[in-house]
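Here the structure is laid out as structure tokens; the discussion comes afterwards.
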Amino acid sequence: MRIAMLGTRGVPARYGGFETCVEEVGARLVRLGHEVTVYCRNGNDEAERSPGYRGMRLVRLPALRKKTLETLSHTGLSVGHLLRNPPDVAVVFNAANAPFLPLLRARGVPVVTHVDGLEWKRAKWGRFGSRYYRAAEAAAVRCSDALIADSRGIQEYYAQRFGVDTEYIPYGAPVLDTVGADTLSEHGLRAGEYHLVVARFEPENHVDVAVAGYLRSGAAHPLVIVGAAPYADSYTAHVRRLAARGSGVRLLGSIWDQRGLDQLYANALTYVHGHSVGGTNPSLLRAMGAATATSAYDVPFNREVLGEHGVYFTDPVSLAECFDRAEEFPQDTMDRGRAQLAALRGNYDWDVVARGYAELAERLCARRVFPVTGKMSRLFGRAVTGRTEPRRSQPDRKE
């Protein structure tokens, strides 16, 4: 099959969960014998200008560098480009791209939408953005041939809100048991003697809570924070002000070297995961794959992944207790990390994930689709007023 993957920043994966999924699944689909095209946003360095990566064909297109328009502008150009030579299946990441789905289906291209977490809850979007995301979810339900949810929590949300089934295909994760520790000295760190946060600087990821909890604790080991975010100057400044109140917080910014980042995961005493509105998060899975004991923000998404092997916090006070217990009982902490790794091996495998994508694409290719009808304004109007009807299955189209 010829499979197009669009709606993300593209590969190599340097930003978030969707990009990681595209890279890991796309490369494996190539190994399974499929032709994969990934739509990427224009980059500046040489690696981001190459025409291919891990067997995938890359198409690089511009985007408007504005928070509210970057994703939509790039996806619109991507759809325009791929319609010149339509693929057998289009995998669209992020329900926010729903306005372009009817164009794909009008050309008979089966559409799979990998829906995001509860994006409408993010403070950065404001009231209008939140309403847009709620409407886009409903439009994605009506205009997709299949929906992928990467967590049971997201699957349940779509079943309750829209009355539709989604394909549960989680993320995978690497096992980081032989990555070494030689790059730690570049940051003045020693194995097992620091705590780690890897996150975009957004309120819903609770980086500020991680810093505040650490400063309230009696932890002797430093807190190392890797990450940044576009369009988040105010929140970043807030985190920096908090960090300046103590001497143990180290802000490393973004780290693009995957080997160095993997070593940070694998050699931390604990990993602090503050994400609260997404589904299954790749940074959480990477920490589990490194056998690093995790303290996670207490929401169903994180409990679904970590289960009884995680410890949970909701505020700086409860997180301070997590830091203190981890350092007071280091052997118990390491045992918990090994239990998390065992759980990951049985549930989050990229090879299995890629086969799930391939099987879904094959089913859609065999079924074919009807062109979509109706106006997007009507779809969005129903979404805002809560009168969206569940997506109904359609009979096979006769050739």
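Descriptive notes on the structure:
- Extreme residue, positive dipole direction of the chain, given options VAL36, GLN155, ALA136 (C-beta unit charges): ALA136
- Dipole magnitude for the range 1-87: computed about the Cα centre from +1 point charges on Lys and Arg Cβ and -1 point charges on Asp and Glu Cβ, it is near 160 debye.
- Of the trypsin sites (Lys or Arg not before Pro) found in the range 233-333, those that fall in a DSSP loop while having at most 10 other beta-carbon atoms within 10 Å are ARG245.
- The simple Förster model, with R0 at 41 Å and r as the Cβ-Cβ distance, assigns GLU308 and ASP182 a FRET efficiency of 0.75.
- Comparing THR166, THR292, THR113 in a Gaussian network model of the chain (Cα springs below 10 Å), the most mobile by mean-square fluctuation is THR166.
- For the range 184-347, the fraction of alpha-carbon pairs in successive 5 Å shells from zero, as %: 2, 10, 20, 24, 23, 15, 5, 1, 0
- Percentage, to the nearest whole number, of Cα pairs in the range 191-236 over 12 Å apart: 63
- Restricting attention to the chain, close to 5% of DSSP beta bridges with both partner residues there are antiparallel.
- Overall, the ratio between the Cα radius of gyration of the chain and 2.2 N^0.38 Å, rounded to two decimals, is 0.99.
- Given charges at beta-carbon only (K, R positive; D, E negative), |dipole| of the chain in Debye: 2060
- Rg and Dmax [Cα atoms of the range 98-229; Å; Rg one decimal, Dmax integer]: 20.3, 61
- When the range 184-347 is described by a simple charge dipole with +1 on each Lys and Arg Cβ and -1 on each Asp and Glu Cβ, the residue from TYR297, VAL226, ALA339 located farthest towards its positive end is VAL226.
- Placing dummy labels 7 Å off each Cα toward the beta-carbon, the span from ASN85 to GLU359 is 3.1 nm.
- Here the simple spin-label model places points 7 Å from the Cα toward Cβ, and for ASN347 and ARG107 these points are separated by 3.9 nm.
- Dividing the summed helix terms, -39500 (n - 2.57) for each DSSP H run of n ≥ 4, by the number of residues in the chain produces a 222 nm estimate of -13000 deg cm²/dmol to the nearest 500.
- Positive-end residue of PRO203, PRO86, VAL25, charge dipole of the chain with Cβ unit charges: PRO86
Taken together, the values in this text are just the output of simple stated rules run on the coordinates, not laboratory data. On a predicted model such as this, the values are computed, not experimentally measured, just so you know. Cβ atoms come from the backbone with ideal geometry, glycine included; neighbour counts cover every protein chain shown.
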